[in-house]
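The values are calculated or read from the model by the stated rules, or taken from the named source; none is laboratory data. Fair warning: this is a prediction, and the values are worked out from it, not measured in the lab. Neighbour counts run over all protein chains shown; Cβ positions are idealised from the backbone, glycine included. For accessibility, only protein heavy atoms count, side chains too; no ligands or nucleic acids. Shrake-Rupley method; radii C 1.70, N 1.55, O 1.52, S 1.80 Å.
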Amino acid sequence: MTRAFYQLSIPQVLEQLNSSSFGLNAGLIPSLQEKFGDNILTESAGKSRFARFISQFNDIMIIILIIAAIVSFISGEHTDAYIILAIILANAWMGYCQENNAEKSVRLLRKLSPQHAMVLRDDSPARIETKSLVPGDIILLNAGDIVPADGRLIKIHSLKTDESSLTGESQSAEKSMEAIDAGNLMPGDQHNMVFKGTQVTNGSAKAVVVSIGMNTELGKIASLLKGPGQKTPLQKRLAVFSRQLTVIVLMICAIIFAIGLSRGFDVFQTFLTALSLAVAALPEALPAVITIALASGARRMARQKALMKNLPAVETLGSVTYICTDKTGTLTQNKMMVEKIQSAPEKETLLMNAMLLNNDVRFSDKGLMGDSTETALVQYALEKGNTKKKADAWFPIQAKLPFDSERMLMSTFHQQDDKWILLVKGAPAKLVERLSENYKVQSQVWLDTNRAWASDGLRVLFFGYKIFDHDPGKITTDDENDLDYLGMVAMIDPPRPEVVEAIRQCNSAGIKTVMITGDQALTAIAIAKRLGLSEEGNDCAKTGADLTHISENDLYKVVKHTSVYARVSPKQKLDIVKALQSSGEYVAMTGDGVNDAPSLKQSDIGIAMGITGTDVAKEAADMILLDDNFATVVRAIREGRRIYDNIRKFIAYVLSCNLAEILTILIAPLLGFAIPLLPIHILWINLVTDGLPGMALVAEPAEADSMRRPPRSTRENLFAGGMIRKILMSGTLMTLASIFIQYWSVGMGYDVQAQQTIVFTTLCFVQLGNALSVRSDHDFIFSKRMFSNKMMWVVIAGTVLLQLTIVYISPLPIIFKTASLNVQAMEMIVLVTVGCIICIETLKRLFRKKYGDPVHI
């Protein structure tokens, strides 16, 4: 079995790569470059711009609208055809623009790599382009450098690296050179390795390159990003709806055509009539209304600090059943802070000075720069009223012994008046070993306290000191013995204060929150307990090592009962998301690091942090939190549910109205009446009377219970919840109103054009009443939320005015083939409209009581 590079000793690694500590022979480089290729991240070929534009027409609803435009053109209704084509092209252009701005993730990953690197070749340092690196090259690293390739460390000096974007671990990783026997370790546990794209925060090192390009850990993430994105729930439901509508339209064509033939009508004219009637069934305004609903929802979300990159994903939030969230920077503040401190008696001032002085922190205009643990210590001391200037004056530094992974200690040597003092900090077990004999009994108590704090996910450091009566000269590690105990300090990357309430709201909305992090299990479990994600500790947590022993089939079961995952790799994060999706869940994934990018892309909706998030994470995501606030996700979910509810209301409204048009046109001739509606009337109703109120429905406020009900089932279609019943009920009542008023107009002796105008106007008015009715499944028109959507009343008033304009204002009656109506006709239209609305509302009340749904007055 092949052993990983981190498991091999330094001589074994160099031998396997045919290299040495002096670097490769320059003469070997060309052949190695030919064998391994360039040290770059490759991109998959994307679709051309033309292909992207054409793909926007690959939708059943769009194809149906194209056919409708062709039919309208053939039948002489050119205006209808041009309007439908304009809708199609506008919709396609918006979709093209969205897609054209996507798929930038891998290109941004490449930006994480430095352009140049320092290498040793033929024992001479040289600055080369990073793409020219090959396995076996010896790279030289210093504080501030970005690592150009994956490498095995062969020489280090106080080396620490920031791997948070790759592993999700908030504190800097301390590095060593010794081989590690354990197998299947995550990158965060490979302490003798450095990884492409991470940054050196402290010290210096020499490493041998073991992987380049797509074979690096960063490259593996890039390869995971190349998979296809997910279709949103709305897109899936609309695809089903389009197929169903296609069947209905074809059935309407067949029925009308059969009736026409049976009655001896001209075959071609009957065929055109059948197609024209089928066009009446199409909700031409649906693509535009959906786009407007999503765009207005996106604008509202942006005002609440949630930036939507992908319009269809706006609605997806309303379907979310799981939120898989990264810990660092998402649930926590991505900033180490001191939480507990315990000083030796009367030594608090000295401990504060040790926290200020025993570190490599740099002060700058941008704040404290350096290791996150050390900056937390300095920040705490500053907040307690201490100053670096005063500490330096009291204890001028004379020498420093840097931290190393073997001693696990750091010391600074200072002069204080006529005495000298050594300040030491480090790992509790290591520092206790260096205490004087006087502390043997107390040491066990301090170690017990350390274990108790560590079990709460805190990182604990011990401090010690040693006073010299005379200058000892050069300080060595031998002086780090016979120390006096100074105190202990515990730190943690704390949870965001608003996250607890946000998770509680998710629970009430039937959404499960899951933490997936690359951090240590103990820390992850402690944070989960604080957030209310976990109450059973280890029983509900899985580590990356645990997942390596779980089969794919078993993983589907495990993910349903696990709330905390720790020390997982980017691939394992991706597998968890896929397993939840395969179980029928809609998954939102939040994160900020490069390691989160593949799962952000795979999830049904990826949510990246706008402040701390990497560019890679932002490009892979569908939504960006501008305030890095997990609570913003909850507000966005509420908005997503509102949008989906409003789209359903529009579909219920427009299909019931279209049903009324079809039945009216179908039944009237069977009863011996004239054709009640002309094609121009149908198009006006579909685009104005249906479209304008439909756009007003988009602004409908959220239902009161939107965040107290569970997410919609993945098997639920657009017509769930009795929607077909509502469509049939409203459509039938509006048809009866239209047939009745045509019967009345015939009896009153009106000519055919006047009859058509009366039916046309009546249908417009009753449909506006229907728009008021569908605003809520629970509330009635004259409820307390009657005027909650002022836009609806503006639209209704405007639509009524437009309808009266095309009836009375010349030359519009000639264009729209209407007749001027007398007062008697208008009075009857208003009377029938009011009666129809009362009937619709009455039946809505009866259905609510029958099916046990709540009624709010």
Report summary line: With label points set 7 Å from each Cα along the Cα-to-Cβ direction at residue 127 and residue 558, the distance between them in nm comes to 4.8 nm
Report task. Take peptides 829-842, 140-153 and line them up by average Cβ neighbours within 10 Å, highest first, as a rough protection proxy. Result -> 140-153, 829-842
Query raised in the report: With every protein chain kept in the model, how would you rank 455, 569 by accessible area, 1.4 Å probe, largest at the top?
Result: 455, 569
Report summary line: So residue 670 and residue 261, fully extended at 0.36 nm per residue minus their Cα-Cα distance, gain in nm 145.8 nm
Query raised in the report: Quick one: how many Å² of residue 466 are accessible to a 1.4 Å probe, rounded to 10?
Result: 40 Å²
Query - Rough spin-label spacing in nm, given labels placed 7 Å along Cα→Cβ, for residue 365 and residue 340 - result: 4.1 nm
Query raised in the report: With each run of n ≥ 4 DSSP H residues scored as -39500 (n - 2.57), what mean residue ellipticity at 222 nm is computed for the chain after dividing by its residue count and rounding to the nearest 500 deg cm²/dmol?
Result: -15000 deg cm²/dmol
Requested in this report: With a 1.4 Å probe and every protein chain left in place, work out the accessible area per residue of the chain in Å², rounded to a whole number.
Outcome: 43 Å²
Report summary line: Amide H neighbours of residue 334 at under 5 Å, excluding residues fewer than 5 places away on the same chain, with H built from the backbone geometry, are 329
Query raised in the report: For residue 405 and residue 303, what is the calculated FRET efficiency with R₀ set at 45 Å and r taken between the beta-carbons, to the nearest 0.05?
Result: 0.35
**Report entry** 28 Å Cα-Cα threshold exceeded, pairs from 155/618; 335/384; 236/601; 440/529; 388/529
**Finding:** 155/618; 440/529; 388/529
Query raised in the report: Which links in 160/430; 390/474; 160/206; 327/578; 512/557 stretch past 23 Å when you go from one Cα to the other?
Result: 390/474
Query raised in the report: Residue by residue, what Karplus-based ³J(HN,Hα) values in Hz, rounded to whole numbers, does segment 526-533 have, using 6.51, -1.76 and 1.60 with θ = phi - 60° and x for Gly and Pro?
Result: 4, 5, 4, 5, 5, 8, x, 7
Report summary line: Sites removed, the longest contiguous part of the chain containing no DSSP-loop chymotrypsin sites (Phe, Trp or Tyr not before Pro) with at most 11 other Cβ within 10 Å is 1-781
Report task. Provide the per-residue ³J(HN,Hα) series for segment 175-184, in order, calculated from phi with Karplus coefficients 6.51, -1.76, 1.60 and θ = phi - 60°, each as a whole number of Hz, with x at glycine and proline positions. Result -> 9, 9, 10, 5, 5, 10, 6, 4, x, 6
Query raised in the report: How much net charge surrounds residue 791 when only other residues with a Cβ under 12 Å from its Cβ are counted (Lys, Arg +1; Asp, Glu -1)?
Result: +1
Report task. Report the extension gain between residue 809 and residue 743 in nm, rounded to one decimal, defined as 0.36 nm multiplied by the number of residues separating them, less their alpha carbon distance. Result -> 21.1 nm
Report summary line: Among (1) 111, 62, 57; (2) 122, 65, 49; (3) 74, 68, 52, the value of Cα extents along the principal axes in Å computed for this structure carries the label (2)
Report summary line: Low-density loop GluC sites (Glu not before Pro), segment 333-384, at most 10 other Cβ within 10 Å, DSSP non-H/G/I/E/B, are 346
Report summary line: Restricted to the chain, the DSSP antiparallel beta bridge percent, nearest 5, is 75 percent
Report summary line: In the chain the accessible area split gives carbon plus sulfur, as whole percent at 1.4 Å, a share of 58 percent
